[in-house]
Amino acid sequence: MRENRYRFTKSLIDALPIPTEAEAGSAGYLMYWDVAVGGFGVLVRPSGLKTFVLVYRNAQGRVRRLTIGRYGRITVDQVRDAAKRHNGSIILGGDPVADKKRDRGAKTVDEVFEKYINEHISPNRSDNAVRSAKRVRRMVKKSLGSKYIALLDLTDVKECLSPYHNQRGNHNLIRTYLKAAWKWAFENGVGFSRKEAYQNPLDAVEPLPSMSRAREITPIEYEKVFRSIDQLISERRNDPARLLACLFVIETGCRPVESVRLQRDKIFRERGIAELYEHKTFRKTAMPKRFYLTPTLLQILDRAEALHVLRGVDCDYVFPRRANQKASNWLAKTWDAVRKRAGVDLQLRDFRSGFINVADDIGMSEQQVAELTQHASLQTIRRHYRILKDKRASSNAAIVSNRLRQFRRSVS
């Protein structure tokens, strides 16, 4: 193979002869070198293709050849500047070929989320977790989706989270799933080079303090809500199936979405229970959530069953809805109508804590409340419904105050 050295210019590259197959030999090309930049050359093939390369030794002494670009797509001046930059990097210990291989395996944040959801969340987590992960993927796509996961830094993360500073739930949801997706990608080598050390940028982001889920609901508020639901059902202003689902939430303290997912074939009247398998912790516990069929719940279920007969619909759910209606927001507009009619500042989910407060008022212990609501632990009750302690503290404060008044009267 002949080797020739020239000072590369456009006219020179244009004039380089095209070798025959015999001249190219087993290598399949002829090499020409630039005299101005060390290791900078051009490969000329019998097909007429001319490719600029840089040949160098890396820090370990191995000979590497970096393809910079094809003549015609890149100019001689551009490729010479690139060769100079690469040589500068090589002098400082860099290895452009290794960097190029690593970049080829790089994954963007959005690509990582897709693999994280398909390969980890969907097979191992609940449907609710899948929905949450997909939601986070949508929320971060605009600001982070095109950024490489390995190059993600704290500045990028803070910029992504800044619009959610006043939305604690969304802020913490993004932090949780983005941190977990980064960790999963790193541990599984998705978009990361094993030879480099990385730090999860989400480690430096603290979650925003969660709002207390406690909300004491007064007897007057309960009366207003029940009256409003009865009125709306009688006036047929809203779908009665949705209003009955709201009543089910109030009577059981379940999550709103759980009442919507309850299925007709899981109602066991002879055993006095209803079972729900599509709930938050089923994949972890493999246990259905149970609702105990009180006379009031049986009346609600009877009215819901009558709607199936009246409408002649084929629906598996207790509270009939169309197949294309999402369970997650099915009750939103209906509850908004109830809330406005009743004139109360209550969310439907507040009746979870309301149910526990009523149970506490009639003297149930924390253990009995946990068994009734099927919370995972007493700690869950204490963490999410701190108003129980506040109520006891208020009552105890009144007792102490009464005792102190007795001391005052004895002095006078």
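The values are calculated or read from the model by the stated rules, or taken from the named source; none is laboratory data. Note that the structure is predicted; figures quoted are calculated from it, not measured. In this analysis, Cβ positions are derived from the backbone assuming ideal geometry, glycine residues included, and neighbour counts consider all displayed protein chains.
Here are the numbers for this structure:
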read-out: Neighbours by Cβ (under 6 Å, 6+ apart or cross-chain): first from segment 11-22, closer than 14 Å to S47 by Cα; second of a type in the set (V, I, T) and modelled with pLDDT of 90 or more; value: L16/V44
read-out: Complete set of residues in segment 15-25 that are assigned to a helix (DSSP H, G or I) and out of contact with any strand residue (DSSP E or B) (no Cβ under 9 Å at 6 or more places or on another chain); value: A15, E21, A22, G25
read-out: Residue that is surrounded by the fewest Cβ atoms within 10 Å (Cβ to Cβ), among those in segment 251-271 that are in a helix (DSSP H, G or I) and of a type in the set (D, E, K, R); value: D265
read-out: Hits in segment 255-302 (condition: at pLDDT 90 or above and among the polar types (S, T, N, Q)); value: S259, Q263, T294, T296, Q299
read-out: Every residue from segment 291-306 that is more than 15 Å from D265 (Cβ to Cβ) and either exposed (fewer than 13 other Cβ atoms within 10 Å of the Cβ) or in contact with an Asp or Glu (Cβ under 9 Å, 6 or more places away or on another chain) (or both); value: Y292, T294, P295, T296, L297, I300, D302, A306
read-out: Among residues of segment 39-79, those that are in a loop (DSSP other than H, G, I, E, B), loosely packed, with under 13 Cβ neighbours inside 10 Å and hydrophobic (A, V, I, L, M, F, W, C), counted; value: 1
read-out: Residue count, segment 157-194 (criterion: in contact with a strand residue (DSSP E or B) (Cβ under 9 Å, 6 or more places away or on another chain) and not in a loop (DSSP other than H, G, I, E, B)); value: 0
read-out: Residues of segment 26-38 classified as free of Cβ contacts under 8 Å to residues at least 40 places away in the same chain and either in a strand (DSSP E or B) or not small (G, A, S) (or both), total; value: 6
